[in-house]
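**Q** This is the structure, below, for whatever I ask next.
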Amino acid sequence: MLSYSLLVSLLLVAPSLGQQVGNYTSESHPRLPWQECTRSGCTTRSNGAVALDSNWRWTHITGNYTNCYTGNTWNTSVCTSGAQCASRCALEGANYTQTYGISTSGNALTLKFVTRGENTNVGSRVYLMASESRYQMFNLLNKEFTFDVDVSKLPCGINGALYFVQMDEDGGMSKYSGNKAGAKYGTGYCDSQCPRDIKYINGEANVEGWNPSPNDTNAGTGGYGTCCAEMDIWEANSISTAYTPHPCQTTNDGGQQRCTGQQCGTPIRHDGICDPDGCDFNSYRMGDRTYYGAGKTVDTTKKMTVVTQFITDNNSTTGNLVDIRRVYVQDGRVIPNSKVNFPGLLEPFDSLSQKFCDDAKRAFEDATSFQKQGGLVHMGRSLAKGHVLVLSIWNDHTANMLWLDSSYPVNADPAKPGIARGTCPTDSGDPKQVEADHPDAQVIFSNIKFGDIGSTYSGTPITLPQPPLPPGYNPPSGTSTPPTGTTPSSTPTNPSTTNPAPAATQTKYGQCAGVGYSGPTQCAAGTVCTQINQFYSQCV
């Protein structure tokens, strides 16, 4: 995630990645069925379940109640080295609802922000399981991933996230002899931030060089981080949302790799082995201030369906990733993604292609670590290796979530394209204040589906009106802009209707037709416009 921070407030159940297995609390994964779909229909995978990340669990000396980690410090009388600590410390089972505020009902998962009991827990992170001891693996190429979500109780500063990371299927248990707990106990986490607050990495304690956090009484950073490629499907609250690929130049085309020093992006953020920023599509940041939020086109006071499609150059699971598209379904309406709304500066992109990423990075003057780490093609190679589904709720001790829902950096002009990301004040998101003001915050994920493109959703397609220009944005002289409130005439009204843009030709692998699409419909020589589904046709 863009600004990674674990936020847990526990006493006896201090967050930790113990590698042995305790026997005080039985580990029972909450059931979470999901569906796998083809164009012929969907099949329910009733063995689905979720496992709590091991960084949230109580770790103690094997066979007694002595903590191995308390607050934001290690018990140095027990943990004198990484390997020795792993051999002595056990990871305990979880009471999901009572301690962590995690519950399931049918195909719905609820993650509560603050859970008060004998101790207080803040936030959580869980993984979808294929079995008791293995994570469910997904290859997203030439597929779509769909889920319902309710973000109505997520205010400024809180993130209800759903994303994929290239973790090991067994949590690293077979690779690292010091890890006796494995996926059953949520081990092996990694992401593109190369987080150094993970307590155990590669089956060893991250005790060497550990420094307690100056602003988080339950976290710190060690000498090691743990890196892997990350595909953020959904980082969101009721104000803003973004979807973002983050490639990494780690082992196995983005697989889990322990890092030190500059490999982890420290001290120079963008010179590590992963892309920490990613290439994000946030509708508000892209200039459409009418699209996502309470009472807007995608209304965050209501449950919505989120569809993400991964388009390859040969329409197969082994092709190169060339586009990541987004569709919403709400109240029976199929809502196309918003378009970039900075005429004269950027084309009206409505998806994540390499050209969008290149042009947006240039226009917004962002760092180009996405390109440095291989861009969309390398992200695709990572996805082909298989990713684990992560669902979480968290707040941000590093940047107060301002990168998602406010103007960021805070000292920049919010009228400058790319700075404003949402309507939250720049002084919002302070973790202590958010915990005090919104302990009842929660996110509900439900109705998870995965399968062939066009197989996981239905509804009546709509077209979007032209939004007003962002406040303070003045297009370059000579730039023509559609009148506010009108729909561009080139937008098709049904899947079979095409209205070519004058003198425009789509390149190979580019989109050429589909409901809500308004770009070129004539394909370059040697390619044919081929329908994938009613919403997407491609020049191949």
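**Q** Pull up region 293-332, narrow it to residues that are of a type in the set (A, V, I, L, M) and either modelled with pLDDT under 95 or open to solvent by 10 Å² or more (accessible area, probe 1.4 Å) (or both), then point me to the one that is nearest to Pro245 (Cα to Cα).
**A** Only one residue fits best here, namely Val322.
**Q** (1) more than 15 Å from Pro30 (Cβ to Cβ); (2) surrounded by 16 or more Cβ atoms within 10 Å (Cβ to Cβ): which one isn't true of Ile102, the others all being true?
**A** Every condition holds for Ile102 apart from (1).
**Q** Hey, could you check region 445-475 for residues that are in a loop (DSSP other than H, G, I, E, B) and in contact with a Cys (Cβ under 7 Å, 6 or more places away or on another chain) and say which is surrounded by the most Cβ atoms within 10 Å (Cβ to Cβ)?
**A** Thr456
**Q** Would you check which residues across region 270-280 are outside any loop (DSSP other than H, G, I, E, B) and buried (at least 23 other Cβ atoms within 10 Å of the Cβ) and list them?
**A** Hit for region 270-280 is Cys274, nothing else.
**Q** For region 413-444, enumerate the residues that are touching a helix residue (DSSP H, G or I) at 6+ places or on another chain (Cβ under 9 Å) and open to solvent by less than 50 Å² (accessible area, probe 1.4 Å).
**A** Pro417, Gly418, Ile419, Arg421, Gly422, Cys424, Ser428, Gly429, Ala441 - these are the residues of region 413-444 that are touching a helix residue (DSSP H, G or I) at 6+ places or on another chain (Cβ under 9 Å) and open to solvent by less than 50 Å² (accessible area, probe 1.4 Å).
**Q** Any residue at all in region 296-317 that's aliphatic (A, V, I, L, M), without any contact (Cβ under 8 Å) to a residue 60 or more places away in the chain, assigned to a loop (DSSP other than H, G, I, E, B) and under 28 Å from Asn142 (Cβ atoms)?
**A** So far as region 296-317 goes, no, none of its residues is aliphatic (A, V, I, L, M), without any contact (Cβ under 8 Å) to a residue 60 or more places away in the chain, assigned to a loop (DSSP other than H, G, I, E, B) and under 28 Å from Asn142 (Cβ atoms).
**Q** Can you report the number of residues in region 245-269 which are of a type outside the set (A, V, I, L, M, F, W, C) and either touching an Asp or Glu at 6+ places or on another chain (Cβ under 8 Å) or part of a helix (DSSP H, G or I) (or both)?
**A** Looking only at that region, the number is 14.
**Q** Here are some residues: Leu128, Leu109, Leu162, Leu141. Which one is assigned to a loop (DSSP other than H, G, I, E, B) and open to solvent by less than 40 Å² (accessible area, probe 1.4 Å)?
**A** Leu141
**Q** To continue, here is another question. Between a first residue in region 273-290 that is of a type in the set (Phe, Trp, Tyr) and a second residue that is in a loop (DSSP other than H, G, I, E, B) and modelled with pLDDT of 95 or more, which pairs have beta carbons less than 7 Å apart while being 6 or more apart in sequence or on different chains?
**A** Going by the 7 Å Cβ cut-off, the qualifying pairs are Tyr284/Ser240; Tyr284/Arg421; Tyr284/Gly422.
**Q** Across region 275-295, what is the total count of residues that are under 15 Å from the mean Cα position of the chain (by Cα) and either under 22 Å from Val377 (Cβ atoms) or acidic (Asp, Glu) (or both)?
**A** 7
**Q** Here's another thing I want to ask about it. Among the candidates Glu235, Glu208, Glu204, which residue alone is open to solvent by less than 10 Å² (accessible area, probe 1.4 Å) and acidic (Asp, Glu)?
**A** Answer to the selection: Glu235.
**Q** Could you please tell me which pairs satisfy a Cβ distance under 6 Å, a separation of 6+ or placement on different chains, a first residue in region 321-347 that is acidic (Asp, Glu), and a second residue that is outside any loop (DSSP other than H, G, I, E, B) and open to solvent by less than 10 Å² (accessible area, probe 1.4 Å)?
**A** Listed pairs, sorted by first residue: Asp323/Ile311.
**Q** Output yes when any residue across region 281-289 is within 16 Å of Arg326 (Cβ to Cβ), small (Gly, Ala, Ser), part of a loop (DSSP other than H, G, I, E, B) and touching a helix residue (DSSP H, G or I) at 6+ places or on another chain (Cβ under 7 Å), and no when none is.
**A** No: region 281-289 contains no residue that is within 16 Å of Arg326 (Cβ to Cβ), small (Gly, Ala, Ser), part of a loop (DSSP other than H, G, I, E, B) and touching a helix residue (DSSP H, G or I) at 6+ places or on another chain (Cβ under 7 Å).
**Q** Another question about this same structure. Can you tell me which residue is farthest from Cys279 (Cα to Cα) among those in region 196-244 that are without any contact (Cβ under 8 Å) to a residue 60 or more places away in the chain and in a loop (DSSP other than H, G, I, E, B)?
**A** Checking each candidate, the answer is Gly209.
**Q** Would you mind finding the one in Asn121, Asn179 that is touching a residue at least 12 places away in the same chain (Cβ under 8 Å), in a strand (DSSP E or B) and more than 17 Å from the chain's Cα centre (by Cα)?
**A** Of the residues listed, the single one that is touching a residue at least 12 places away in the same chain (Cβ under 8 Å), in a strand (DSSP E or B) and more than 17 Å from the chain's Cα centre (by Cα) is Asn121.
**Q** Next up: Would a scan of region 72-79 turn up a residue that is within 23 Å of the chain's Cα centre (by Cα) and open to solvent by 50 Å² or more (accessible area, probe 1.4 Å)?
**A** no
The values are calculated or read from the model by the stated rules, or taken from the named source; none is laboratory data. This is a predicted model, so every value here is computed, not measured. Using ideal geometry, Cβ is built from the backbone for each residue, glycine included, and neighbour counts are taken over all protein chains shown. With ligands, DNA and RNA removed, areas are computed over all heavy atoms of the protein, side chains included. Shrake-Rupley method; radii C 1.70, N 1.55, O 1.52, S 1.80 Å.
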